[in-house]
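Beneath this line is the structure, given in structure tokens, with notes to follow.
The values are calculated or read from the model by the stated rules, or taken from the named source; none is laboratory data. Here the structure is a predicted model, which means the values were calculated and not measured. Here the Cβ is made from the backbone with ideal geometry for all residues, glycine too, and neighbour counts use every protein chain on show. Heavy atoms of the whole protein, side chains included, go into the accessibility calculation; ligands, DNA and RNA do not. Shrake-Rupley method; radii C 1.70, N 1.55, O 1.52, S 1.80 Å.
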Amino acid sequence: MSCKNEKKRCIVSRITTFLTIVILAFTLTSCSNEDGNKKLGGRYAIPLGTASPEDTVTQIYAESFAKEVEAKSNGRIKIDVYANSVLGGDRELFESCYDGDIPFVVQNTAPQVSFIKDTAVFDLPCVTTDISDIRKKIDNDHFMRAIKAAYKKGGIILLGYADQGFRVMSTNKPVEKASDFRGQKIRTMENPFQLRFWKKLGTNPTPMTFSEVYIGLQQKTIDAQENPYEVIVSNRLYEMQDYIVETNHLPHLISLIVSDKFFSSLTKEDQNILIAAEKKARDVARKASDDRIEERKEIIRQSGTTIITLDEDVRSYMKDSAYPIYKQIKNRVDPLIYELYVNSES
């Protein structure tokens with residue numbers, strides 16, 4: 001069988017799997033009230049899909065949400081979490097959520113830029129190096145209303161954001177001054193804003209399938225990569241690297257989204273249950289993220305890999321290098337969203 005046919009077969013298999021789940025969920029968990037809206041309840045659970053492994057903050061966020069929804073509905077609404085891309089990769093999950101085939105998805109914001117242009121605001125490098133500042137910015141009522149409106153326009157309901165802290169750089173070449181970035185071949189996300197940023201720093205950014213990163217580091221076809229601590233440790237990337245450089249260039253935000261078609265069909269009572277459950281799950285996930293980052297730093301240190309904290313001169317160089325990206329993204333996103341994210345304090 002050709003690779004193309006095999007890929008098609010896998011996609012069809014995934015679609016068949018989640019459609020079966022959704023049919024069961026929709027037909028056996030809902031009934032209509034007098035207004036025609038669905039009031040959820042029944043013995044079958046509603047699916048929530050992620051592309052992440054189970055031992056991650058993404059899973060904690062998803063499972064906490066499911067638990068809170070069940071508790072707040074007195075057991076009437078049940079959600080089953082399907083991790084590890086069982087229902088599809090990030091792009092497939094987003095498209096299926098938009099189509100209404102998968103009601104709930106938890107994923108990072110990177111794959112959403114192609115569908116919701118205003119999410120490019122999260123690609124702005126070096127806005128701050130304090131994750132609590134990022135949380136204050138996105139929790140700001142004005143910002144959240146504006147970004148939720150952008151998702152709504154794209155056919156998706158955003159319930160909220162958790163995170164895995166910041167993305168950092170791992171490398172075999174220490175970075176202690178601005179010139180140390182130059183010439184390093186670094187694997188980055190396949191994202192035009194991030195590719196341009198790393199080029200401006202003087203590196204040679206190379207998009208690469210994530211499954212190939214460990215081998216790429218092992219075979220020295222790349223010198224470095226960038227990811228949150230969670231990913232670096234869970235995939236044992238630190239084993240192939242001598243240094244972790246705390247570039248903290250981007251927050252790794254995790255969104256909890258719902259199909260607009262599904263959400264709009266629910267009663268106001270059930271919509272409010274979902275909204276309240278997300279807030280509780282968000283707090284649980286953020287606390288877990290902070291705790292896990294410290295644990296993962298200790299794992300890295302014990303392995304012999306050195307963690308480098310950058311001085312203000314290097315950070316200034318990074319921020320100055322990011323100027324063209326700021327200009328590019330500012331021209332792309334809603335001015336209010338840009339202003340609130342870049343300049344607001346809370």
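Spatial offset of the range 242-306 relative to the range 323-338 amounts to 25 Å, using the alpha carbon center of each. Within the accessible area of the range 31-169, the carbon and sulfur atoms contribute 43%, probe 1.4 Å, all protein chains present.
At 0.36 nm per residue, minus the direct Cα-Cα distance, what do residue 235 and residue 319 gain on full extension? Give it in nm, one decimal, please. Before the final figure, lay out the partial values.
Details: separation 84, 0.36 × 84 = 30.24 nm, distance 2.90 nm.
That pair, residue 235 and residue 319, stretches by 27.3 nm at full extension.
How big is the Kirkwood radius of the range 103-225, worked out from every pair of different alpha carbons and given in Å to one decimal?
On the way: mean 1/r = 0.0610 Å⁻¹.
The answer is 16.4 Å.
Kindly flag which residue pairs out of 280/319; 137/200; 200/220; 153/199; 38/330 have an alpha-carbon separation exceeding 30 Å in this structure.
280/319; 153/199; 38/330
Phi angles of the range 304-315 translate, via the Karplus equation with coefficients 6.51, -1.76, 1.60 and θ = phi - 60°, into HN-Hα couplings of x, 7, 8, 9, 9, 9, 7, 8, 5, 5, 5, 5 Hz per residue; Gly and Pro are given as x. Taking amide H atoms as placed 1.01 Å from N in the peptide plane, the amide H of residue 85 lies under 5 Å from those of 50, 51, 52, each 5 or more residues away in sequence or on another chain.
Whole-Hz Karplus values for the range 184-191 come out as 6, 8, 10, 7, 10, 5, 7, 9 Hz, taken residue by residue from phi with 6.51 cos²θ - 1.76 cosθ + 1.60 and θ = phi - 60°; glycine and proline positions read x. Computed with a 1.4 Å probe over protein heavy atoms only, the accessible surface of the chain comes to 46 Å² per residue. Once Rg and the Kirkwood radius are both taken over the C-alpha atoms of the range 282-346, their ratio Rg/Rh works out to 1.12. Computed over the range 203-346, the range of Cα coordinates on each principal axis works out to 55, 35, 29 Å, biggest value leading.
With the convex hull drawn over the C-alpha atoms of the range 63-142, the volume per residue is 148 Å³.
Ranked from largest, the principal axis spans of the Cα set of the range 126-175 equal 44, 22, 15 Å.
The largest-to-smallest principal axis extents of the Cα set in the range 180-276 are 56, 28, 23 Å. Taking amide hydrogens as placed 1.01 Å from N in the peptide plane, the amide H of residue 102 sits under 5 Å from those of 97, each at least 5 positions away in sequence or on another chain. Dividing the helix sum by the residues of the chain, where each DSSP H run of 4 or more adds -39500 (n - 2.57), gives a mean residue ellipticity at 222 nm of -15000 deg cm²/dmol. Computed over the alpha-carbon pairs of the chain, the distance histogram in 10 Å steps reads 5, 24, 32, 24, 11, 3, 0 percent, short to long.
Only aspartates and glutamates eight or more places from residue 67 in sequence, or on another chain, were considered; those with a Cα closer than 20 Å are 54, 55, 80, 163, 269, 270, 278, 283. Of all the options 164, 218, 194, the one that moves most in a Gaussian network model of the chain with Cα springs shorter than 10 angstrom is 218. When the alpha carbon gyration tensor of the range 230-305 is reduced to an equivalent ellipsoid, its three semi-axes come out at 37, 13, 10 angstrom, largest first. Amide H contacts for residue 266 (H built 1.01 Å from N in the peptide plane; partners 5 or more residues away or on another chain; cut-off under 5 Å): 38.
Which order, highest average first, do 87-97, 282-292 follow once you tally other Cβ atoms within 10 Å for each residue and take the mean per peptide? Present the calculation step by step, with values, prior to reporting the outcome.
Values: 87-97: 21.3, 282-292: 18.6.
Sorting 87-97, 282-292 by mean packing, highest first, produces 87-97, 282-292.
Shown is the FRET efficiency for residue 264 and residue 334, computed with R0 = 35 Å from the Cβ-Cβ distance and rounded to the nearest 0.05: 0.95.
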